[in-house]
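Reviewing the structure listed below.
Nothing in this text is a laboratory measurement; each read-out follows from the coordinates by a stated rule. From a predicted model like this one, the values you see are computed outputs, not experimental measurements. Virtual Cβ from ideal backbone geometry, glycine too; neighbours counted across all protein chains shown.
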Amino acid sequence: MPASKPKPSARVASARSVVRRSPCPVACALDLFGDRWTLLVVRDLILGKTRFKDFLSSPEGIPTNILADRLKRLLEQGVVTRVNDAEGSRHRAYQLTDKGCALLPVVKAMKDWGLVWEKGTRAAFG
């Protein structure tokens, strides 16, 4: 008999110390990336940005303290991982994990919606 999947519980912290306000998957997703900056950081990772300074160069102008907080949250939740920037480099870079890559269709759907419904928008990726 296969092991049953544990039921999510409201206000219970997971292994990564997330306190959920409800077991609703939409609410849980929004708790992670429902602010005005987090999906833009994910978008930038999809577009190939990997370093802190690269994210700062995005046209939205994310403040450094908010960027640091969002990267920390994405790391804690397993959406991104830190890697060495290049062979032998002291600099650290970020890359999406499998969990983070699973957000690609979400970001793409938002891009497609914006292109249809928001005049004057343009996309940097397919």
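Tabulated data for the structure shown
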quantity	calculated
Hey, residue 78 free of Cβ contacts under 8 Å to residues at least 40 places away in the same chain and loosely packed, with under 15 Cβ neighbours inside 10 Å or not	no
Hits in the stretch 44-64 - residues which are among the hydroxyl-bearing types (Ser, Thr, Tyr) and in contact with a Phe, Trp or Tyr (Cβ under 6 Å, 6 or more places away or on another chain)	50
Condition met for residue 97 (among the β-branched types (Val, Ile, Thr) and within 17 Å of the chain's Cα centre (by Cα))	yes
Residue 35 closer than 22 Å to residue 20 by Cα and either outside any helix (DSSP H, G or I) or touching a strand residue (DSSP E or B) at 6+ places or on another chain (Cβ under 6 Å) (or both)	yes
